[in-house]
Amino acid sequence: MTKSEKESTSVFPTITDEVSIDELPHNTSESFYLDNFTFALSSVLGNAEDKALLNDEDLEVINTFDHLSEAGRKLYVRLFQRKYRWLPMSKLKYPGIAADLSFALQELLSAGFLIGEQNLHDLTVVLGLLPAPDLRILAKDVRLADTGQPKSRLVECIVQHCSTQRSVFGRSMHSVVFKKAKRLLGSCCLLKEEPRVTLLRMLLLFSLTDITLEDEDAGLKVLFSLLMANMQKNCISFLHNFKICKGFT
């Protein structure tokens with residue numbers, strides 16, 4: 001298939017404006033997100049020229065993804081859509097997938113699609129993930145004079161304080177505050193980079209858009225554009241859930 005042929009059949013429109021997850025239709029089913037995702041992957045694998053660009057590691061990622069539970073695959077696609085950053089697990093709520101996401105999260109961690117908080121070593125990132133009340137507790141613990149500052153400024157002040165002060169026992173305040181902050185934060189996760197890049201490259205290969213791998217919104221943008229294009233081309237069946245029309249012409 002030539003590039004021009006791909007462009008004429010691609011279900012991705014050109015992305016020119018920043019998109020937000022809030023712009024996606026609220027009644028879009030979890031199955032629809034997964035169907036869009038797997039349709040794009042299958043299309044790439046079904047094209048000999050595209051598949052030739054994949055190496056053994058890429059194919060292993062796809063095979064592992066295919067063997068995840070349905071809940072695991074649905075959750076991964078939803079996390080893939082979000083900004084590429086650490087996420088507190090307590091904030092992840094997808095009742096359309098499962099009331100309790102702990103099994104799906106553990107499955108993704110075990111399969112190597114997510115990494116956990118033990119891999120998070122950046123104090124600034126940890127502080128940024130904390131809700132404002134917890135951040136103010138830490139600010140009081142290190143005896144900052146003004147704990148009513150905006151959150152971003154409070155993070156800067158705590159980090160700066162930790163870099164110059166030591167505890168009464170001579171320990172680095174950075175280490176003390178980091179441990180406290182991680183306890184307050186609890187479990188968190190991040191998409192593992194290698195599988196994410198593999199799957200994102202496949203979606204970009206399918207879409208032929210100008211979105212880059214470095215864009216932290218890349219996953220959202222390509223899947224958002226797929227959704228919008230399908231709606232525009234009337235390739236959605238409103239029966240019980242949104243489903244991808246298999247009869248593209």
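The values are calculated or read from the model by the stated rules, or taken from the named source; none is laboratory data. Computed from a predicted model, the values in this text were never measured in an experiment. Reconstructed Cβ throughout: ideal geometry from the backbone, glycine too, with neighbour counts over all protein chains shown. Areas reflect the complete protein model, heavy atoms only, side chains present, ligands, DNA and RNA absent. Shrake-Rupley method; radii C 1.70, N 1.55, O 1.52, S 1.80 Å.
Looking at 103, 113, 80, just one residue is open to solvent by 70 Å² or more (accessible area, probe 1.4 Å) and of a type in the set (Phe, Trp, Tyr), and that residue is 103. Say whether the condition of being in contact (Cβ under 8 Å) with a residue 24 or more places away in the chain, under 16 Å from residue 195 (Cβ atoms) and touching a strand residue (DSSP E or B) at 6+ places or on another chain (Cβ under 7 Å) is met by at least one residue in the range 115-135. Checked against the condition, which is being in contact (Cβ under 8 Å) with a residue 24 or more places away in the chain, under 16 Å from residue 195 (Cβ atoms) and touching a strand residue (DSSP E or B) at 6+ places or on another chain (Cβ under 7 Å), the range 115-135 yields at least one hit.
Of the residues examined, residue 75 is one that is assigned to a helix (DSSP H, G or I), at pLDDT 95 or above and crowded, with 17+ Cβ neighbours inside 10 Å. Is it fair to say residue 237 is modelled with pLDDT under 60, loosely packed, with under 13 Cβ neighbours inside 10 Å, more than 25 Å from the chain's Cα centre (by Cα) and on the phi < 0 side of the Ramachandran plot? So residue 237 passes the test. Residue selection: residue 65 satisfies the criterion of being at pLDDT 95 or above and of a type outside the set (Asp, Glu). Pairs meeting the criteria (first residue in the range 39-66 and within 16 Å of residue 194 (Cβ to Cβ), second residue assigned to a loop (DSSP other than H, G, I, E, B) and of a type outside the set (Val, Ile, Thr), beta carbons under 9 Å, at least 6 apart or on different chains) are 61/112; 61/113; 62/54; 64/111; 64/112; 64/113; 65/111; 65/113. Quick check: anything in the range 161-184 open to solvent by 80 Å² or more (accessible area, probe 1.4 Å), at pLDDT below 85, out of contact with any His (no Cβ under 9 Å at 6 or more places or on another chain) and part of a helix (DSSP H, G or I)? Yes, there is a match, as at least one residue in the range 161-184 is open to solvent by 80 Å² or more (accessible area, probe 1.4 Å), at pLDDT below 85, out of contact with any His (no Cβ under 9 Å at 6 or more places or on another chain) and part of a helix (DSSP H, G or I).
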